Amino acid sequence: MTEYGKQLAVTETPVPGLVVFDLPVHGDARGWFKENWQREKMTALGLPDFGPVQNNISFNDAVGTTRGIHAEPWDKWVSVATGRIFGAWVDLREGPTFGAVYTTELDPSKAIFVPRGVGNSYQTLEPDTAYTYLVNDHWSPTAEYSFLNLADETAGIDWPIPLDQVEISEKDKNHPRLAQVTPIPPKRILIIGSNGQLGKALRAQYGDAAHVEYTDRSSLDISAPGLDRARRWRDYSVIINAAAYTKVDLAETEEGRRDAWAANATAVAALARVAAANDITLVHVSSDYVFDGTLDRPYTEDDAVCPLGVYGQTKTAGDQIVSGVPRHYIIRTSWVIGDGNNFVRTMAALAERGVDPKVVSDQTGRLTFTADIAAGISHLLTTGADYGTYNLTGGGEPQTWAGIAREVFALTGHNPDRVSAVSTREYFATATGPIAARPHNSVLDLARIERTGFTATASLPTYLA
């Protein structure tokens, strides 16, 4: 008999992410009523906000009807409309819990959330049983499934009605044993701009992981029409956008302004639409140039933006666009140093060639190594940190560009006094092309990301070694 009057409650199982809910069922002489799916109440108890898009019903007229162990590439919310079922769930996902088993009975007062990749099977215990399931992707004949034999000895499922006495399809009888099942990999991570400085650091961070896809403009042009059809986006959990227009001074020209807006705003808007429509986490890299640099303290994530030039304006626009994506991380950074030409390598080369440079001394900030940005992104994703904006730079005391140049000279065995300090105005006095205004204070407050347990570890001595 269905139990009436339960409190809405959740029970964890040995299979990660597989959770059972007790549902309040209200009954009288007329029958019963229940809230079968209630987003606000259930997500408050920890259920993922999985965004169902399709509702399916399975009706079974005979006791013992048994459906095979199928793992699908989507999440499911399974509940009983009438009757009673025995359910068996086997973790077929890649990882340490592969093969974990959970069984229980479901009636109208219970429901279960089945994460993507967890095999599920149901055996009816009463006639005229119907159960329903919400899924967060549309059924597709091209979707990749995984199957497990109902009688697998390793799983050792204790079926209430022996399998030789039930109605079962020939196909379900012949699925492979657990030892022959290929584990289901996690959803894919897409890294855009993988040949740039940050993209190369992300390649080093994620390596050859099978579920990570690296693209550049030749393999995925995010500014081209039809981005929403360029991939089966429901197969992705994360998009990391490491592509951007970063030519600060050239952005002040007519051509540069057009290119900067196209890359940093228009293309980002296309990515944001894809991410929002498919429940994908979008990681977007921002800049200290969204601020005007007039504060006399480090900038926090909540300070008002006030960009000085076109580049900063486009990055600000990108931030605003991404902030509307339900699952997003905006990584605000500054003074980025990675693989390829950069300020540190230029200073080291000048020191070696015997050139005594004049370097700006009225801009203050911290260097940020791309390895730290990549590690920070991975940390936020892995730990499931709250979505939002995070400042991420190197740590330690802020320095001017001239101070960093002197440190580079010293670390490479040269006299740091060869570096002369000049103002920004003096440095650009003889420039012939357009020059963008720079923030004088680029120091970012790191407290928010440090509270998640992340601290940058890369250093100038290590980089120069």
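The values are calculated or read from the model by the stated rules, or taken from the named source; none is laboratory data. Nothing here was measured: the structure is a model prediction, and the numbers come from that model. Note that each Cβ is placed from the backbone with ideal geometry, even for glycine, and that neighbours are counted across all protein chains shown. Only protein heavy atoms, including side chains, enter the accessible area calculation; ligands, DNA and RNA are left aside. Shrake-Rupley method; radii C 1.70, N 1.55, O 1.52, S 1.80 Å.
Dipole size of the chain about its Cα centre, with +1 on Lys/Arg Cβ and -1 on Asp/Glu Cβ: approximately 880 debye, rounded to the nearest 20.
Evaluated at q = 0.17 Å⁻¹, a Debye calculation over the C-alpha positions of region 118-243 (equal weights, vacuum) places log10 I(q)/I(0) at -0.99.
Loop-located GluC sites (Glu not before Pro) in region 1-102 (DSSP state not H, G, I, E or B) with no more than 15 neighbouring Cβ atoms inside 10 Å: 3, 35, 94. Computed over region 228-300, the alpha-carbon pair-distance distribution with 5 angstrom bins reads 3, 14, 20, 18, 16, 14, 10, 5, 1, 0, each value a whole percent. Charges were assigned to the Cβ only: +1 to each Lys and Arg, -1 to each Asp and Glu. The resulting dipole of region 188-464 about its Cα centre is roughly 560 debye.
Accessible area per residue for the chain, computed on protein heavy atoms with a 1.4 Å probe, is 46 Å².
A dipole drawn for the chain from +1 and -1 charges on Cβ atoms has a positive end, and of 21, 51, 410 the residue lying farthest that way is 410. Taking a 27 Å limit on the Cα-Cα distance, which of the listed pairs 41/315; 247/358; 76/315; 41/76; 110/171; 41/110 fall beyond it? Table pairs above 27 Å Cα-Cα are 41/315; 76/315; 110/171.
Farthest toward the positive end of the dipole of region 188-464, out of 367, 194, 390, is the Cα of 194, where the dipole comes from beta carbon charges about the Cα centre.
Note on region 148-188: with charges restricted to the Cβ of Lys and Arg (+1) and Asp and Glu (-1), its dipole about the Cα centre is near 420 debye. Here the scattering of region 188-464 is modelled by Debye summation over its C-alpha atoms, one equal scatterer each and no solvent; at q = 0.10, 0.15, 0.16 Å⁻¹ the log10 of I(q)/I(0) is -0.52, -1.17, -1.32. Ranking 127, 86, 74 by how far each Cα lies toward the positive end of the dipole of region 9-180 (charges on Cβ) leaves 74 at the top. Among residues other than residue 362 with Cβ under 13 Å from its Cβ, the summed charge is +2 (Lys and Arg +1, Asp and Glu -1). Inter-part distance, region 101-143 to region 198-235, computed on C-alpha centroids, equals 33 Å. Relative intensity of region 9-180 on a log10 scale, I(q)/I(0) at q = 0.13 Å⁻¹, equals -0.63, per a Debye sum over C-alpha point scatterers of equal strength in the absence of solvent. Here the chain yields Rg over Rh of 1.10, to two decimals, using C-alpha coordinates and the Kirkwood radius.
If you model region 321-361 as an ellipsoid using its alpha carbon gyration tensor, with each semi-axis the square root of five times an eigenvalue, the axes come out at 37, 11, 5 Å, biggest first. Most simply put, the chain has about 60% antiparallel DSSP beta bridges, counting only bridges with both residues inside it.
Set the Cα radius of gyration of region 98-173 against 2.2 N^0.38 Å, with N its number of residues, and you get 1.21. Per residue of the chain, the DSSP helices (runs of n ≥ 4 H) give a summed -39500 (n - 2.57) that works out to -6000 deg cm²/dmol at 222 nm. Scaled against the 2.2 N^0.38 Å expected of a compact globular protein of N residues, the Cα radius of gyration of region 197-262 reads 1.35. Taking 20 Å as the straight-line reach from the Cα of residue 6, the aspartates and glutamates in range (excluding those fewer than 8 positions away in the same chain) are 22, 28, 35, 40, 105, 107. All C-alpha pair distances within region 73-140, sorted into 5 Å bins from zero, spread as 4, 17, 26, 23, 17, 10, 3, 0 percent across the bins.
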